[in-house]
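Here is the structure we will look at, set down as structure tokens.
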């Protein structure tokens, strides 16, 4: 799939600032083909403009509120939560390629922009909090809450987006799974990145990325505002006790299908009941 990055160096991207543009990841800087990602922390009246090109974009008003424009369409004062840990799911604007996008914060705001080459022209759509499916997955120490921001069943070109809330002491993206081989319907090739936040800003998590042959096998301790690139391999995540964790994961590949395979060494966990002793 044209992946240039072969080792673990450069996979964890630390937040560069707490104001303005904290991340600006392109396929070129990531060493892959599809996913782009940026984070913007804006004060009221500040904004950003994205020139028209051939990529579709998902603009997420992660925190705070902002006015959004896509071409001639305008949506005023979108967003209501002060923190990712407060309130409902965020509004998500899925913008078709070829449109100029603009964002202007109406309160202190965190804006996420995920992008990918559009497979074909799609319509611009706004998904409001009430449109977004909320799911609780797992049991006991594997329980987590998922907001389906841009799931596979939504009409889009390539982008797939979720946000996941993992209580301190719990695991998510678990059992370990991967989606790095285009083998439908068993598995899809999807590049992925995780953008992390923690309820306490000094918090951190445990992330491992490893392939079946261990040509890539690395562990990371992402902190608040960090991004982890997952070019291939299994990728479980654990939140230490006391540090409730959040991540937004953005995915894209040659086809828009979310098929994955579980590490066979740990597939027994799919039927594990943590309330029962071994």
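Bear in mind that the values in this text are calculations on the coordinates, not laboratory data. All figures in this text were calculated on a predicted structure; none of them were measured in a lab. A quick note on method: Cβ atoms are made from the backbone with ideal geometry, for glycine too, and the neighbour counts reach across all protein chains shown.
Where does the chain land at 222 nm, in deg cm²/dmol rounded to the nearest 500, when only DSSP H runs of n ≥ 4 count, each adding -39500 (n - 2.57), divided by all residues? Numbers along the way, then the final one.
Details: 1 runs with 4 residues, N = 278.
The per-residue figure over the chain is 0 deg cm²/dmol.
A Förster distance of 25 Å, applied to the separation of the beta-carbon atoms of residue 260 and residue 131, puts the FRET efficiency at 0.50. Oblate is the label for region 101-191, because the ratio a/c of its alpha-carbon gyration tensor axes (a ≥ b ≥ c) is 1.5 or higher and a/b is not greater than b/c. Overall form of region 1-157: rounded. Here a/c, set by the Cα gyration tensor axes a ≥ b ≥ c, is under 1.5.
Answer rounded, prolate or oblate for region 16-74, using the Cα gyration tensor with square roots of eigenvalues a ≥ b ≥ c: rounded when a/c is under 1.5, else prolate when a/b is larger than b/c, else oblate. Since a/c reaches 1.5 but b/c is at least a/b, the shape of region 16-74 is classed as oblate.
Taking the centroid of alpha carbons for each part, region 12-49 and region 234-278 are 26 Å apart. Distance from the alpha carbon centroid of region 54-80 to that of region 138-167 works out to 20 angstrom.
Quick check: convex hull of the Cα atoms in the chain, volume per residue, rounded to a whole Å³? All intermediate terms of the calculation are to be shown ahead of the outcome.
Working: hull volume 34.9 nm³, N = 278.
Output value, Cα hull per residue: 125 Å³.
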